[in-house]
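See structure below.
The values are calculated or read from the model by the stated rules, or taken from the named source; none is laboratory data. Remember, predicted model here, so these are calculated numbers, not experimental data. We place every Cβ from the backbone using ideal geometry, glycine too, and count neighbours over all the protein chains shown.
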Amino acid sequence: MSILKKHHRRKLLEGPFPEAWENTLLSDVPYLTLLNDVERGQVRDTVRILVDEKYWEGCDGLDVTDTMRVVVAAHAAIMLLHLDTTDYLHNVRTFLLYPAAYLQTQERIGSDGLVHSGSANLGEAWYNGPVVLSWRDTMVAARHPGRGLNVVFHELAHAVDMMTGSTNGTPMLRDRSHYADWHRIMSDTFAELRSTYARGGRDPIRPYGLTNVAEFFAVTTECFFDAPRPLQAAHPKVYEQFSRFWGQDPAARPWPPRGQ
Ligand SMILES: [Zn+2]
C-alpha cells in the first residue's frame, strides 16, 4: 500500500464515526450484535474505508444513499474481519446497485466472465469488474440474518474467489498445505449434495450450489456466515475448512442476532 493511501486512511479514521451511519448499523445490520466490541470497531473502520475508496453507482434511476453504502460495506467488512488484508477487495472497484431484482442481459459463467447468483437476478460479480446488487434483496437479507441467504455475502465470495485469477471455487488459502484437504472435502461434499438432491433430500447448502464449483463456494459462504450452525451440523468438515480460510467461527457466536 502506498504511503499516500496509508496517510489518507489514517486521516479518514481519525474523526468520530458518523452518527447517522451508526444508526444505520443499529437499525439495519442486526448481524453486528453477534460480534464482539473489537470486531464491531473493525467493521466501522472498514465501512469508512470501503465507502470512501469504492465507486458506488445507482442503476435504473436509483439514488445511492449513505444507508445503502453503509449496509453493503458492513457486510463486506464482516467477511473481511479476519482475512488479514489491507487491500479491501482490491479487485472490486465499483458497486452497482439496482432498486430490486433486475433483468440480466448476459449469462455466462467462466474465469473471464460473469457469474450470476440464483435463479433471480439479485446480483452479479464480474472478473475485475463491478459487483452488482439488488438493493431490495440486500436490505431484506441484512434485516433477517439466519436464513443462509445474503446476496452481498454471495457476490463478494465470488470476488474473493476471483482474486486468485480464476473463478474456480478455491480462494487463496492461508498455506499451501491446506489445498489438498480443501479439494478433497469440497469435491466429496459436492458429490454428496448432488445425491442428496437427486433423492429429494434437503441440505443447508441450497441446490444452486450445484451449478458449478464457483457457485458451490459462493452459496456455501452465504451459509457459513448467515446460517453457520446448520452448515456446521450438516457438513462439519466443510465448516472447518471455511472457518480456517475466513478466520472466523460464526457458529460460536450468540445467535440469534438482537434487534431482528
Ligand atoms: Zn453466484
(Q) Quick check on VAL115: is it part of a strand (DSSP E or B) and modelled with pLDDT of 90 or more? (A) no
Q: Can you confirm whether region 249-259 contains a residue that is in contact with a strand residue (DSSP E or B) (Cβ under 7 Å, 6 or more places away or on another chain), farther than 19 Å from VAL29 by Cβ, hydrophobic (A, V, I, L, M, F, W, C) and assigned to a helix (DSSP H, G or I)?
A: no
Q | Per-region count, region 146-172, residues over 12 Å from the mean Cα position of the chain (by Cα), farther than 14 Å from LEU80 by Cα, touching a residue at least 60 places away in the same chain (Cβ under 8 Å) and not in a helix (DSSP H, G or I) | A | 2
Q | Every residue from region 193-226 that is out of contact with any helix residue (DSSP H, G or I) (no Cβ under 9 Å at 6 or more places or on another chain) and outside any helix (DSSP H, G or I) | A | ARG199, GLY200, ASN212
Q: Considering only residues that are surrounded by 11 or more Cβ atoms within 10 Å (Cβ to Cβ) and β-branched (Val, Ile, Thr), look in region 1-56 and name the one that is farthest from MET139 (Cα to Cα).
A: ILE49
Q: For PHE245, indicate whether it is under 24 Å from ALA159 (Cα atoms), in contact with a Pro (Cβ under 7 Å, 6 or more places away or on another chain), modelled with pLDDT of 95 or more and more than 16 Å from the ligand (Cβ to nearest atom).
A: yes
Q: Please go through region 1-37 and pick out each residue that is within 21 Å of MET79 (Cα to Cα) and part of a loop (DSSP other than H, G, I, E, B).
A: MET1, PHE17, VAL29, LEU35, ASN36
Q: Tell me, yes or no, whether region 194-206 has at least one residue that is under 29 Å from ASP28 (Cα atoms), charged (D, E, K, R) and surrounded by fewer than 22 Cβ atoms within 10 Å (Cβ to Cβ).
A: yes
(Q) Under 6 Å between Cβ atoms, which residue pairs at least 6 apart in sequence (or on different chains) link something in region 187-214 that is within 16 Å of the ligand (Cβ to nearest atom) with a partner that is among the basic types (Lys, Arg) and part of a helix (DSSP H, G or I)? (A) LEU210/ARG194
(Q) Taking the conditions exactly as written (away from the ligand (no atom under 16 Å from the Cβ), of a type in the set (Lys, Arg) and either in a loop (DSSP other than H, G, I, E, B) or crowded, with 23+ Cβ neighbours inside 10 Å (or both)), does ARG184 satisfy them or not? (A) no
Q: Would you mind finding the one in GLY129, GLY123 that is within 13 Å of the ligand (Cβ to nearest atom), without any contact (Cβ under 8 Å) to a residue 40 or more places away in the chain and among the small types (Gly, Ala, Ser)?
A: GLY123
Q. Restricting attention to region 215-235, and to residues there that are away from the ligand (no atom under 15 Å from the Cβ) and in contact (Cβ under 8 Å) with a residue 60 or more places away in the chain, which single residue is nearest to PHE190 (Cα to Cα)?
A. LEU231
